[in-house]
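*Asks:* Have a look at this one.
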Amino acid sequence: MASEICRRVDELAGISEEAGRLTRTFLSPQQMQASDRVTDWMRQAGMQARIDAIGNVVGRYEGDRLGLPALFLGSHLDTVRDAGKYDGPLGVVTAIACVDALNRENIRLPFAIEVIGFSDEEGVRFGATMLGSDAVAGTFDDAVLNRTDDSQVTMRDAMVAYGLDPNGVGLAARHRNEVLAYAELHIEQGPVLEAKGLPVGCVTAINGASRYRVELTGTAGHAGTVPMGGRRDALAAAAEGVLAVETLCSGEDGLVGTIGRIEALPGAVNVIPGRARFTIDIRAPVDAQRERAVAAVLKRFAEIAAGRGVGIAIEKLYEMPAAPCAPWLMDQIDSAIADAGITPFRLPSGAGHDGLAMKAIADIAMIFVRCEKGISHNPAEAITAADAETGARVLLNFIRNFKVPV
């Protein structure tokens, strides 16, 4: 299966909005082109295929009777800007390859299989993530339809131009009784499996995340005339806060903290910064762990601000609870990994995935595939054909032996 999987991933990587680099965003003509290609592959694999009300590509392979509840598989077809080619599409094309293998053997299982290529997970165009899976899970927020992209096009207008009805997004929603479980194969996007010398692993949870914007207000002044002891330097306070995040989020398994953006104002080489802004992203596989870290970080920020005599304002931007994978599904993935002759290994996902949304209507599971040096969201993103083959074999083992506990 590996050669066909890799060929199709390469083919999708050639469908881009930008010459020389991979960018494919929600509701773009390139997304439509990629969706048409995936629809064709689904039909060739014996599935009925359609585009749903949010632009997801949905393929259905019936079970041994028509209309049975389905095991949902899939990932996303959109990308970040200047992306790697495996993040998202690998999971879609591998799931299609597994269904194709069943179809070639004329195997029908006691459940249906549905493969979904989600139309938006990355949130690049409109700044709202997991739009495709939110719609399927029935948790889509209609307010997002009024968001605009960089060209000031609203999502509502973009949907109309794409041929979709923005008032009909709810038609994409699926009910819990239709879905037996949701499983996704994805590159790890981290270095753990490579460090362990393992081609695949079983995910324990998709980490919860808390994001904040912090603004510190001091006093701008002349860089040459204000003595060091008399300064209210907002950037110096921010720097102490950055190091506090690093310290407070180190030493616990699974907990990570990141300052992804920082800005100093007025931003002149000879002016003491009177204001500084930065963002915080704190993630952990267990919500209580993340919440403790957030509380400790915010407390420390208040202490830093008071000690340096600067004002502080903190705005919560985003909070998403952790999505634990279901133990009964993890056990079946471990068995599928062992059947492939590989030692089962479990690890959390630091990145967000469509399972965060799908958790609203189904138990979830994930299979991670090793990626080179843990690099992702980067053109250097890479896996080997051998690992693609192993991932496909594990997913197919999982599908063949899938059972819902009584």
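*Asks:* Can you name the residue in the stretch 260-285 that is surrounded by 18 or more Cβ atoms within 10 Å (Cβ to Cβ) and among the β-branched types (Val, Ile, Thr) and is also farthest from Ala365 (Cα to Cα) among such residues?
*Replies:* Ile272
*Asks:* Is there any pair linking a residue in the stretch 59-76 that is over 19 Å from Gly88 (Cα atoms) and assigned by TED's automatic domain parsing to the domain that holds Trp328 to one that is β-branched (Val, Ile, Thr) and not in a strand (DSSP E or B), with Cβ under 8 Å and at least six apart or on different chains, and which?
*Replies:* So the pair list comes out as Tyr61/Val99.
*Asks:* Of all the residues that make up the stretch 359-375, how many are closer than 19 Å to Arg7 by Cα and surrounded by fewer than 24 Cβ atoms within 10 Å (Cβ to Cβ)? Talk me through it step by step, then tell me what you get.
*Replies:* Residues of the stretch 359-375 closer than 19 Å to Arg7 by Cα: 369-372.
Of the ones still in play, those that are also surrounded by fewer than 24 Cβ atoms within 10 Å (Cβ to Cβ) are 372.
Summing the residues that are closer than 19 Å to Arg7 by Cα and surrounded by fewer than 24 Cβ atoms within 10 Å (Cβ to Cβ) in the stretch 359-375 gives 1.
*Asks:* Is there any pair linking a residue in the stretch 342-356 that is in a helix (DSSP H, G or I) to one that is crowded, with 24+ Cβ neighbours inside 10 Å and among the aromatic types (Phe, Trp, Tyr), with Cβ under 8 Å and at least six apart or on different chains, and which?
*Replies:* Cβ pairs passing all conditions: Gly355/Tyr182.
*Asks:* For the stretch 355-386, give me each residue that is among the β-branched types (Val, Ile, Thr) and within 15 Å of the chain's Cα centre (by Cα).
*Replies:* Start the filter on the stretch 355-386 by keeping residues that are among the β-branched types (Val, Ile, Thr), which leaves 361, 364, 367, 369, 375, 383-384.
If the condition is that a residue be among the β-branched types (Val, Ile, Thr) and within 15 Å of the chain's Cα centre (by Cα), then Ile364, Ile367, Val369, Ile375 are the ones that fit.
*Asks:* Return only the number of the condition from (1) of a type outside the set (Ser, Thr, Tyr); (2) more than 30 Å from Ala322 (Cβ to Cβ); (3) assigned to a loop (DSSP other than H, G, I, E, B) that Ala236 does not satisfy.
*Replies:* (3)
*Asks:* Contact list please: Cβ distance under 6 Å, first residue in the stretch 11-27 and within 18 Å of Tyr86 (Cβ to Cβ) and assigned by TED's automatic domain parsing to the domain that holds Asp157, second residue of a type in the set (A, V, I, L, M, F, W, C) and assigned to a helix (DSSP H, G or I), pairs at least six apart or on different chains.
*Replies:* Leu12/Ala34; Ile15/Ala34; Leu22/Ala13
*Asks:* Same structure again: Does any residue in the stretch 250-268 that is closer than 13 Å to Val214 by Cα come within less than 6 Å, Cβ to Cβ, of a residue that is assigned to a strand (DSSP E or B) and small (Gly, Ala, Ser) six or more places away or on a different chain, and which pairs are these?
*Replies:* These pairs meet every condition: Ala264/Ala276.
*Asks:* Further, regarding this structure: Suppose we filter Arg275, Arg290 for residues that are under 30 Å from Tyr86 (Cβ atoms), outside the structural domain of Gly123 (by TED's automatic domain parsing), of a type in the set (D, E, K, R) and in contact (Cβ under 8 Å) with a residue 24 or more places away in the chain; which single one remains? Walk me through it before giving the result.
*Replies:* On the way: Arg275 fails: under 30 Å from Tyr86 (Cβ atoms).
Being under 30 Å from Tyr86 (Cβ atoms), outside the structural domain of Gly123 (by TED's automatic domain parsing), of a type in the set (D, E, K, R) and in contact (Cβ under 8 Å) with a residue 24 or more places away in the chain holds for just one of Arg275, Arg290, which is Arg290.
*Asks:* To continue, here is another question. Checking the condition farther than 23 Å from Ala83 by Cβ, buried (at least 17 other Cβ atoms within 10 Å of the Cβ), modelled with pLDDT of 95 or more and not assigned by TED's automatic domain parsing to the domain that holds Glu178, which residue from Ile337, Ile312 passes? Outline the logic, then answer.
*Replies:* Values: Ile337 fails: not assigned by TED's automatic domain parsing to the domain that holds Glu178.
One residue alone meets the criteria, Ile312.
*Asks:* On to the next question. Can you give me the number of residues within the stretch 156-189 that are more than 22 Å from Val200 (Cβ to Cβ), within 24 Å of the chain's Cα centre (by Cα) and of a type in the set (Val, Ile, Thr)?
*Replies:* Going through the stretch 156-189 one residue at a time, the tally reaches 2.
*Asks:* Right, something else. Collect the residues in the stretch 286-336 that are touching a helix residue (DSSP H, G or I) at 6+ places or on another chain (Cβ under 7 Å), in a helix (DSSP H, G or I) and over 22 Å from Glu252 (Cβ atoms), keeping them in residue-number order.
*Replies:* If the condition is that a residue be touching a helix residue (DSSP H, G or I) at 6+ places or on another chain (Cβ under 7 Å), in a helix (DSSP H, G or I) and over 22 Å from Glu252 (Cβ atoms), then Ala305, Arg308, Gln332, Ile333, Ala336 are the ones that fit.
*Asks:* Test of understanding: among Asp64, Asp78, which residue is assigned to a loop (DSSP other than H, G, I, E, B), at pLDDT 95 or above and crowded, with 22+ Cβ neighbours inside 10 Å? Talk me through it step by step, then tell me what you get.
*Replies:* On the way: Asp64 fails: crowded, with 22+ Cβ neighbours inside 10 Å.
Answer to the selection: Asp78.
The values are calculated or read from the model by the stated rules, or taken from the named source; none is laboratory data. This is a predicted model, so every value here is computed, not measured. FYI the Cβ positions are ideal-geometry reconstructions off the backbone, even for glycines, and counts take in every protein chain you see.
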